[in-house]
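The values are calculated or read from the model by the stated rules, or taken from the named source; none is laboratory data. Quick caveat: nothing in here was measured; it's all calculated off a predicted structure. We place every Cβ from the backbone using ideal geometry, glycine too, and count neighbours over all the protein chains shown. These accessible areas exclude ligands, DNA and RNA; they are computed on the full protein's heavy atoms, side chains included. Shrake-Rupley method; radii C 1.70, N 1.55, O 1.52, S 1.80 Å.
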Amino acid sequence: MKFNKKPTSLEEQVALLKSRGVEIDNDSAAQVLLRVNYYRFCGYGLYFEEFDDAGNRLDKFVPETSFNRILDLYLWDEKLKTLLQKYLSRFEIVFRSVLNYVMVTETQNPFWFLDDGLFTSSIDLDNLKQECVDALERAIDNNELSAVHFKTAYTESDIPPCWILSEYLSFGKWSKVFGALKYQSHVKKVASALKAPPNDVVSWVRSLVILRNRCAHHGRLWGYRFKIRPSRTPIMHRLQLRNDSVGALIFILHDLLSTDLSAQKEMSDAFNELIFACPENFENALGLPKGFKF
């Protein structure tokens, strides 16, 4: 089937929502849709829609669904993303530092990340090398002092040592490097430094990269199911945390902040306050047990 729909005006979008049962007494509804985007707004409306027994949408909303109720849920989800971004940034910095400190002290090689003897075949080191070169060039273009100093002092080197590169190669790239380590002894030492379970830490870090990217690109968290799923510890099983839900990733992030207890407590307090103010029942949408708090 070829796409052949015509664009709709803001007024038509408001009328469509009304025709499907959304109560709208908000004079600025059209402007909200202009700012937010109709399809982004309707992503939150899914929570209020009716479905048949086969899970198909019926293009109508449950009774007492109002425009403001959907908007309140959207705004709450934005607050959740803001909260998570703050603590994801804290963990990202810790992870980059710990990974490179452990590996450089273990190998005594400032360029350990290019040693093919340390990795499985799951990583393309030629591609990684080019990404390292590109990362340094971007840092120089952005006038990052350590990058500029390195290139000025070592004109014949295109790739800086790990303690400099750790600042410029992305969280996602470092997580792939970590996930490709050949020796479990290295993984265990990184896990120990992070106070993380060694059998779960690789999948946990990779999952937090996905969460970080979703938050950074303003993706919906409410009701979203992740395709890349982290492994679960016994306590996560006891809490019945769905590993395709944002709730499991919130739990993991909180656990991984144990290297910084002040940050962990900050996150606990901020999350508990936010979840208490959630405008809807959050259990199924976030994959958390009833009454959950840290």
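See the values below:
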{"quantity": "Rounded percent of accessible protein surface that carbon and sulfur make up, segment 140-204, 1.4 Å probe", "calculated": "49"}
{"quantity": "Segment 1-56: C-alpha gyration tensor shape, a/c 1.5 cut-off, then a/b vs b/c", "calculated": "oblate"}
{"quantity": "Size-normalised alpha-carbon gyration radius of the chain, reference 2.2 N^0.38 Å", "calculated": "1.20"}
{"quantity": "Part-to-part distance (alpha-carbon centres) for segment 237-281 and segment 55-118, which is given in Å", "calculated": "12"}
{"quantity": "Listed residues Val246, Val205, Val102, most fluctuating in the chain (Gaussian network, C-alpha, under 10 Å)", "calculated": "Val102"}
{"quantity": "Contact order normalised by residue count of segment 1-62, Cα under 8 Å, 6+ apart, percent", "calculated": "29"}
{"quantity": "Net charge of Cβ neighbours under 12 Å - reference Glu106; Lys, Arg +1; Asp, Glu -1", "calculated": "+1"}
{"quantity": "Solvent-accessible area per residue for segment 1-71 (1.4 angstrom probe, square angstrom)", "calculated": "70"}
{"quantity": "Shape call, segment 85-161: gyration tensor on alpha carbons, a/c limit 1.5", "calculated": "oblate"}
{"quantity": "Carbon plus sulfur fraction of accessible area for segment 1-126, probe 1.4 Å, in percent", "calculated": "51"}
{"quantity": "Computed accessible area, His149, all protein chains, 1.4 angstrom probe, square angstrom", "calculated": "120"}
{"quantity": "Per-residue [θ]222 nm for the chain (sum of -39500 (n - 2.57) over DSSP H runs n ≥ 4, rounded to 500)", "calculated": "-18000 deg cm²/dmol"}
{"quantity": "Whole-number accessible area per residue in Å² for segment 126-230, which is evaluated in the context of all protein chains at 1.4 Å", "calculated": "53"}
{"quantity": "Point-to-point label distance, Thr8-Thr82, nm (Cα→Cβ direction, 7 Å offset)", "calculated": "3.0"}
{"quantity": "Extension gain, Asp115 back to Asp59 (0.36 nm per residue minus Cα-Cα distance, nm)", "calculated": "14.6 nm"}
{"quantity": "Built amide H within the under 5 Å cut-off of Ser66, gap 5+", "calculated": "Glu23"}
{"quantity": "Net lengthening on full extension, Leu145/Ala216 (0.36 nm per residue, minus Cα-Cα)", "calculated": "23.0 nm"}
{"quantity": "Ranked order, Ile93, Ile164 - accessible area, probe 1.4 Å, largest first", "calculated": "Ile93, Ile164"}
{"quantity": "Charge context of Leu253, other residues only, Cβ under 10 angstrom, K/R +1, D/E -1", "calculated": "+1"}
